[in-house]
1. Please list, in chain and number order, the residues 5+ apart from Gln145 or on another chain whose amide H is under 5 Å from its amide H, with Hs placed from the backbone.
2. Write down the Kirkwood hydrodynamic radius of the stretch 5-118, to one decimal in angstroms, obtained as one divided by the mean of 1/r over all alpha carbon pairs.
3. Read phi for every residue in the stretch 225-237 and hand back ³J(HN,Hα) as whole Hz from Karplus 6.51 cos²θ - 1.76 cosθ + 1.60, θ = phi - 60°, with x for Gly and Pro.
4. For the chain, what are the per-bin percents of Cα-Cα distances with bins 5 Å wide, up to the bin holding the maximum?
5. With each label point set 7 Å from Cα along the Cα-Cβ vector, what nm distance links Lys134 and Glu229?
6. Could you check what % of the DSSP bridge pairs in the chain are antiparallel, to the nearest 5?
7. Relative contact order of the chain, please, whole-number percent, based on alpha carbon pairs below 8 angstrom and at least 6 residues apart.
8. Hey, can you rank 124-135, 63-74 by average C-beta count inside 10 Å, highest first?
Amino acid sequence: MKRPLVFVGSRTMMSELAVIAELNGMEILGILDCHYHGNQDSICNIPVIGDERWLLNDDPRGKIYRETCDFFPANYHDGEQRKAKDNQSESLEDMQGLSTVDLRLKRINLLDASRVNVVNLIHPDASVRGLTAKHANYKIGRGVQIHSGCIHQVDSVDIGDYCAFQPGSTVAHHVKIGRNTLVSPNTFLHNCTIGENSVVGIYSRINIIPKKKQTISIGNNVTIWHSAEIIDDIPDNHMFTSNGRTLRKLRG
């Protein structure tokens, strides 16, 4: 019997996640979000049932959720560039005043620290044959979202925890993607490695040039702008623009 699903955090268009869950036969219990608990009853008709920080402490409500529910991180980040805050807390329980990048990181680290069961949300219309094919070389972590119209090939694909793939994105052969990387709609990835906490912009392509490179390496904390064609490596903490420029991000 499937356990009820709890979303940790929230965002606009929560209904997208709810539909994928329902199509997979999951019962949605509600949302844990400290920013809305106590001042808003529901988000997109999904009830707000508490504070995600309960999962880390001795609150009896958190214990019940940990023992009886499955979980999925709901809020996104957008790969924004931002300056570091000198007074930013390292505590997993401090969720105030964070950028979308840091808020998502805090929440997925909270899920890991609380040792709850984090599930994947894969739309039934997505083509992910590696999950069931006997001879596939396809690996996938936990907390991964794969939307409708996505195509994932079966040869040498490795998807890290907490990645998200938006509608129409294609993952071809020999692709390795690190933890918490977001892939936008109508993108194409092949023969590449992508690090952690990166964002691939809409309509972008990672496309090797024959005889020049065998694999393209994209670093950690990289933001690729929309409609970009990537034919060479991008180092950590950089942006790659739509007109082919590589720019260093502000420290953060």
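Coordinate-derived values only; no laboratory data. Computed from a predicted model, the values in this text were never measured in an experiment. Don't worry about glycine lacking a Cβ; one is built from the backbone with ideal geometry, like all the others, and counts go over all protein chains shown.
1. Correct list: Leu121, Cys163, Ala164, Phe165.
2. On the way: mean 1/r = 0.0687 Å⁻¹.
For the stretch 5-118, inverting the mean 1/r across all distinct Cα pairs yields 14.6 Å.
3. Values, residue by residue: 6, 5, 6, 7, 10, 9, 10, 8, 5, 10, x, 3, 6 Hz.
4. Histogramming the chain at 5 Å steps yields 1, 6, 13, 17, 18, 16, 13, 9, 5, 2, 0, 0, 0 percent.
5. About 4.2 nm separates the two model spin labels.
6. Values: 5 of 52 bridges.
Within the chain, antiparallel bridges account for around 10 percent of the total.
7. RCO, the chain: 11 percent.
8. Details: 124-135: 13.1, 63-74: 18.4.
Descending packing order for the listed peptides: 63-74, 124-135.
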